[in-house]
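Colleague: Let me begin by handing over the structure; questions about it come next.
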Amino acid sequence: MINMALPKTEKQIRKGTPQVGNPPFKQIHAHSTGNPDSTAQNEADFMQTKDLTTGFYTHVVGNGRVIQVAPVNQGCWDVGGDWNSDGYASIELIESHKTRAEFEKDYKNYIDLLRKAAKNAGVAIKVDSGETGILSHNYCSLNQPNSKSDHVDPYPYLAKWGISQAQFKKDVESGQVGNGNNQPRQIAVDGQWGSDCTKRLQEYFGTKPIDGVISGQIKTRANENVYAAEWGTGGSNVVRAIQKQLGLAQDGNIGPGTVKAMQKHYGTTQDGIISPISDMVKEMQKALNNDQF
Ligand SMILES: [Zn+2]
């Protein structure tokens, strides 16, 4: 079975959240809310009005949703010590799950989001291991300078569902959750946008048909090395999904603007042209192998 993609992040960002500390922000903090009743929406609503000096975080995961409540990459008041100033993202898991199915869905999203945040921050996907990477609040309480925190989350809550600290570490670092048969289908990281890469994109975005073909393309220097392209007009549904994700006009055609935006997204050279062996395509293939775009 293929992993479902991480749900689209809903943004309900509190205005005026302060920057805490200075770049680089090289930690991702893993929390759980400590509230046995609150939904993700309750938590996001609370963030809109609460006194921020008593603490804030960047994302809450729950009820099948991911809600971003503060900007990333500027620290948070969330771990009660000097490592407040190191947080790229601080992610809360709700504690109000009533069934194992509800928990497992959110647990998987929590892990995916922690991994994605680490990737975006440019730090290794390692849990509770030194001063960079993904750190539980528990680890911060025990190891940060000037710690005034005795919080041990998210471990007691995870333990309630049978997830030990070691299992959490394994799940986050491997990117596989549970019995391991839900790893995303792996594709070659060869920098060539061919049929298999296209199929994986179609699976990831859930567009139809899943045929490995980028249809309806107007041939230009931008896309002439897209090996899965079919020349014509009308555009491709999966390209429209990519354009939507990147906030572009959705004409379904891989033109120079779309290529540049993809290159920007993946941090590769922005020349608006896909090379025969493309660094941008390589980064995209790596992301897809982590069930991300
Ligand atoms: Zn916490």
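Colleague: For the chain, what is the largest minus smallest coordinate of the Cα atoms on each principal axis, given in angstrom and ordered from greatest to least?
Modeller: Taking the Cα atoms of the chain, the three principal extents are 62, 39, 34 Å.
Colleague: Hey, another quick one. Just to verify a number: what accessible area does Thr268 come out at with the full protein assembly present, 1.4 Å probe, Å² rounded to tens?
Modeller: 30 Å²
Colleague: Next question, about the same structure. By DSSP, what percent of the beta bridges with both residues in the range 1-114 are antiparallel, rounded to the nearest 5?
Modeller: 25 percent
Colleague: If a paramagnetic tag sat 7 Å from the Cα of Ala249 along the Cα-Cβ line, which residues of the range 201-230 would have the backbone N under 20 Å from that point?
Modeller: Residues 215-224 qualify, since their backbone N sits under 20 Å from the label point.
Colleague: Can you give the angle from 0 to 90° between the axis of helix 256-266 and the longest principal axis of the chain, with both taken from C-alpha atoms, to the nearest 10?
Modeller: 30 degrees
Colleague: Measure off 7 Å from each Cα along the Cα-to-Cβ vector at Arg185 and Gln41, then give the distance between these two points in nanometres to one decimal.
Modeller: Between Arg185 and Gln41, the simple spin-label model gives 3.5 nm.
Colleague: In what order, largest first, do Ile273, Ile28 sit by accessible area if the probe radius is 1.4 Å?
Modeller: Solvent-accessible surface, decreasing: Ile273, Ile28.
Colleague: Checking the table Lys11/Lys169; Lys108/Lys286; Lys169/Lys208; Lys208/Lys286; Lys170/Lys282 against a 31 Å threshold on Cα-Cα, which pairs fail?
Modeller: Going by Cα-Cα distance, Lys169/Lys208 fall outside the 31 Å limit.
Colleague: Using a 1.4 Å probe on the protein heavy atoms only, what accessible surface does Phe56 show? Give it in Å² to the nearest 10.
Modeller: Near enough 10 Å² of accessible area.
Colleague: Would you mind telling me the share, in percent, of accessible area of the range 59-180 contributed by carbon and sulfur at probe 1.4 angstrom?
Modeller: 49 percent
Colleague: If you take the charge dipole of the chain about its Cα centre, with +1 on Lys and Arg Cβ and -1 on Asp and Glu Cβ, which of Ala159, Ser85, Val72 is farthest toward its positive end?
Modeller: Going by the charge dipole, the pick is Val72.
Colleague: Now, a different point. With springs only between Cα atoms under 10 Å, which of Leu93, Leu201, Leu142 fluctuates most in a Gaussian network model of the chain?
Modeller: Residue with maximal mean-square fluctuation among Leu93, Leu201, Leu142: Leu142.
Colleague: When only DSSP loop residues count, what trypsin sites (Lys or Arg not before Pro) in the range 56-132 have their Cβ near at most 13 other Cβ atoms within 10 Å?
Modeller: Values: sites: Arg65, Lys98, Arg100, Lys105, Lys108, Arg115, Lys116, Lys119, Lys126; in loops: Lys98, Lys126.
Sites meeting the loop and neighbour criteria: Lys98.
Colleague: What's the angle, to the nearest 10 degrees (0 to 90), between helix 195-205's Cα axis and the longest principal axis of the chain?
Modeller: The angle comes out at about 40 degrees.
Colleague: I've got another one for you. Hey, could you pull the Cα Rg and Dmax for the range 95-228, both in Å?
Modeller: 20.0, 61
Colleague: In degrees, nearest 10, range 0 to 90: what is the angle between the Cα axis of helix 165-174 and the longest Cα principal axis of the chain?
Modeller: So the helix axis and the longest Cα principal axis differ by about 20 degrees.
Colleague: Further question on the same structure: Under 8 Å for C-alpha pairs, at least 6 residues apart: give me the relative contact order for the chain, rounded to a whole percent.
Modeller: 16 percent
Colleague: In nm, what is the difference between 0.36 nm times the number of residues separating Ala287 and Lys11 and their Cα-Cα distance? All intermediate terms of the calculation are to be shown ahead of the outcome.
Modeller: Numbers: separation 276, 0.36 × 276 = 99.36 nm, distance 2.23 nm.
Result: 97.1 nm gained on full extension.
Colleague: Which FRET efficiency, nearest 0.05, do Thr53 and Lys119 yield, Cβ-Cβ r, R0 30 Å?
Modeller: Here the calculated transfer efficiency is 0.45.
Colleague: Which translational diffusion coefficient, to the nearest whole µm²/s, is obtained for the range 9-174 from the Stokes-Einstein equation, given a Kirkwood hydrodynamic radius over C-alpha pairs, 25 °C and 0.890 mPa s?
Modeller: Approximately 159 µm²/s, per Stokes-Einstein.
Colleague: Size of the range 195-289 along its principal axes in angstrom, Cα-based, largest extent first?
Modeller: The Cα atoms of the range 195-289 stretch 31, 28, 25 Å along the principal axes, largest first.
Colleague: Moving on to the next point. Between Ser195 and Lys148, what is 0.36 nm times their sequence separation minus the Cα-Cα distance? Round to one decimal in nm.
Modeller: Computed gain between Ser195 and Lys148 is 11.5 nm.
Colleague: With the other protein chains left in place, how much accessible area per residue, in square angstrom, belongs to the range 136-293 at a 1.4 angstrom probe?
Modeller: On the way: 7570 Å² over 158 residues.
For the range 136-293, the per-residue accessible area is 48 Å².
The values are calculated or read from the model by the stated rules, or taken from the named source; none is laboratory data. Treat the numbers as computed from the prediction; the structure is a model and nothing was measured. Note that we place each Cβ from the backbone using ideal geometry, even for glycine, and neighbour counts take in every protein chain shown. To get the accessible areas, we keep the full protein, side chains included, count just its heavy atoms, and leave off ligands, DNA and RNA. Shrake-Rupley method; radii C 1.70, N 1.55, O 1.52, S 1.80 Å.
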